[in-house]
Structure formats: structure tokens, C-alpha cells
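Here, each number is a calculation from the coordinates, and none is a lab measurement. Nothing here was measured: the structure is a model prediction, and the numbers come from that model. When we count neighbours, we look across all protein chains shown, and the Cβ atoms used for this are built from the backbone with ideal geometry, even at glycine.
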Amino acid sequence: MGLLSRVRREFGFIRGNLLVLILSWVLMDLVGNIPYIYFSLYIEELGGTPFIIGVVNFTSFMVLASVQFLGGYLADTYGRRWLIVSMTFGVAVSNLIFAFAPSWEVVLLAVIIQNLCLIYQPALSAITADSIPPEKRGVGFSIIMFISNVASLAAPPIAGILFLYYGTLEGVRIGFLLVAAFYLTAALIRIRLKETLRNVKNQGKNLKNLIKAYPHAVKESFSVWKILPRSMFFLFIINNIGSFSYALMDAYLVLYATQILKVKGFEWAILITWLTTITIFAALPSGKLVDKYGRARCLLLSWLLYAPFPLLFLYGNMPLLYLSFFLWGISNALFMPGYSAMEADLVPRELRGKEVGCSQFLTYVLMAFGGLTGGFLYENVSPASLFFLSFGLVIVCIVIQVLFVKEPKKRHT
């Protein structure tokens, strides 16, 4: 078999909606992380404290959680495309508020607006799963991660350069302006998406009816768990515990690194670039492993690799920090295709929007409280305490993964 034929056999499924989504993700990922490399320091520059950073993150996740039920219901009722396209424009414009914020309170307002627009997330997850053949899901999701991470590789160095030349305040503002421009372009590309839901309801798509539909959306989203298999429920539990564990540390990694470990500002950008690079090189092999050896085994390996990260970071010198980010990068590369493929295998097409909406609702609520808890612990107990708590929760995830998450006998299309 010739090389061209092998490439077509392996990657021929990347067309149509999947190609449109990948192109839009490339544009978004090229710049999306630039303002967030030093975002916690940006909030401090605008008058915030470590606890205020926790409040901003708490609000972000709570608002994001509040729209997940409705987003999932709308995706499974009125279709995926219209929600994705319209709200991508909204997310793009919201970055302008971040860019010109005179205080952390205005940043908080921008966070609320942006996360309301992310009501399209369940629709995006659903249309992605709809567009990848079942036998290619491991490779498909790993390709998405690979391309996204390659695109995002430039963001940390750019953020570092902006930090060096313009400082935290002006550097982050320029970053948000770049994000707004690239996201608007991505929104224009997403206009070419095609609807994947077979039975789309076209009547009643107005604001009044959408608001009235919220209680029904919540009820229907919870009802899917009566139908879904046991492994999906425990996968859902693990993901939520892990998300809380990650949120405890996330916003405070840059603070701990720069203020306690004395990592220089540009060195932090290099560490983030290292993490992204490792994820990129591990992405495609991870997807093949997920398809060949099963989703459950790869998810377990992902948790085992991630477990040392909180402690290595806590006691890190530069070599230990590079090691911790190396393990985290490989863990990321395994987790994303493993989880996404197993979720698509276990959930029927007509329930994906609701399942994703319900799952992400609880995930974001727990991440909200995780960020708030992390801020409280960092400021009032000790910076080390949140790393110890995070490590303990990862061990819980490993135990549940071993005991309760099994490969499905039949995969949904």
C-alpha cells in the first residue's frame, strides 16, 4: 500500500464539519492562551488579591455551569450549528471588555458575559462526536488535541515577550485584543458548519421560549442518567473529582512559582511551552493506544502519570518542575482522547447534548468551588495545603477508575 493510500485510510475522515472545526480551533488556539499565561498577575495589577482571583474563577465557572443544562437541551432540540456560530461571535466580542478593563470588577463583568456565551459548549462537543466515526475516535480526538496544541505552542513565548516589553498590564491587554481578532475570524469560518442532528425543531427558537425551557432542560438532562450505563456514571464522577482537584491549583500555579519558588516571569512561559510541547509529541501515539488497547486502560495510565504532579510542583526546583510538567503533558495526551472516546462510545447521539450539558454543569460548579477553596487555602492556611489536597483527590480518582470503569461491549455511532 502506497504512502498516499495509507494517509487517506488513516486521516480521510477529516473533512466537512470536522475540518471546519479544526480550522477554527487552530485560529483560536494560536492566541487563546496569550492573555491567560499571566492572568492571575493581571488581576493583581488591577487591584485584586489571591482571594479575589479565587472569586473571579468561582464566578467564571458558576456562570459557565448555569448555562450547560440549557445548552445541552438546545443542542439536542434545535440543533448544534446555530448555537455554535452565534455564540462564537459573542465570545470573540467579550474579549474587548477584558482588554479595556480599568479594574478587576470590570474583568469580573467580562467573565460573566463570556461564560454566558459559552452556552454553546455542549453543542460543540456533540457535533464533534457526531462527526468522527466510532472506530476512529481515539485517533480523531488525539488529532484534535495534537493540532490544537501545535497551534497553541506560540502563545506562551508571545505572552512572555509581551510581558518583557510591555509589562503585565499592557501585555495582557494586547493579548486580549489579539484574541478578539482571531476569534472573530474563527466565528466566520464556523458559518460553514452543517447540522448533524437528524430531527431538528425549527419553531419556538426565541428568547422567551428558551428561558421557559430551562426547567425542562434541567429535568431532561438529569433523566439521561437513568438510561446511560454504569461505567459512564463513574467516568462522570472521576472527571468531576479530578476537575475539582485541578481547579484547586490552577490559578495559583503562577503565583506559587513566581513568588515562592522564585521562577522568573519568562521562565514560567518557557515551562508552559514545555508542557505544550510534550502534549503535542504524545498526542498521536496516545490516540493510537486508546483505539488499540482500550479507553479504560489509557485513562488509568493517565491518572497514574498525573498523580505525582502536585507534590513535584510543590517542592520543585527547575529540574523537578520540568519533570512534573513532562508527566502532566503525557497525562493530558492520554486523558483527552481516552475520556472523549469513551464518552462517545457510551452515550447515544440523540442524548449527547444533554449528557454533556449535565456533566459540564457539575464539573464547572466543582471547579468554581475548587478555585475558591484554593484561594482561601492559599491566603489563609498555607500555599502548600492546596497541593496536598489535590494529590489526595487524584488518588481517589485512581481507585474509582480501577474498580468501576469498564470498556463498553457496544460502541454508539
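Could you let me know the centre-to-centre spacing of segment 83-125 and segment 142-164, using Cα atoms, in angstrom?
Computed from Cα coordinates, the inter-centre distance equals 21 Å.
Please give the net charge around Leu346, taking every other residue with its beta carbon less than 11 angstrom from that of Leu346, where Lys and Arg add +1 and Asp and Glu add -1.
Counting the neighbours of Leu346, the net charge comes to +3.
For a test of the definition: using alpha carbon positions, the gyration tensor, and the 1.5 limit on a/c, classify segment 12-86 as rounded, prolate or oblate.
Verdict is oblate for segment 12-86.
How far apart, in nm, are the 7 Å Cα→Cβ label points at Leu188 and Phe281?
Once both label points are built, they end up 3.7 nm from each other.
Starting from the Cα of Lys219, step 7 Å along the direction of its Cβ; do the same at Ile260; then give the gap between the two resulting points in nm.
4.8
Compute the length gained on full extension between Glu45 and Arg230: take 0.36 nm times their separation in residues and subtract their Cα-Cα distance, giving the result in nm to one decimal.
61.9 nm
Arrange the peptides 274-283, 240-249 so that the one whose residues have, on average, the most other Cβ atoms within 10 Å appears first.
Taking the mean over residues of other Cβ atoms within 10 Å, the ranking is 240-249, 274-283.
Using alpha-carbon positions, what is the distance between the centroids of segment 168-238 and segment 27-45, in Å?
That distance is 22 Å.
So if each residue of separation counts as 0.36 nm, and I subtract the Cα-Cα distance between Leu320 and Val93, what length gain in nm does that give?
Separation in residues times 0.36 nm, less the Cα-Cα distance, equals 77.8 nm.
Which of Lys194/Lys410; Lys354/Lys409; Lys292/Lys354; Lys219/Lys354; Lys292/Lys409 have a Cα-Cα distance over 21 Å?
Long pairs (Cα-Cα over 21 Å): Lys194/Lys410; Lys354/Lys409; Lys292/Lys354.
When the gyration tensor of the chain is built from Cα positions, what are the square roots of 5 times its three eigenvalues, in whole Å, from largest to smallest?
So the equivalent ellipsoid measures 31, 26, 22 Å along its semi-axes.
Please compute, over every Cα-Cα pair in segment 1-157, the percentage with a separation greater than 24 angstrom.
When all Cα pairs of segment 1-157 are counted, 46 percent exceed 24 Å.
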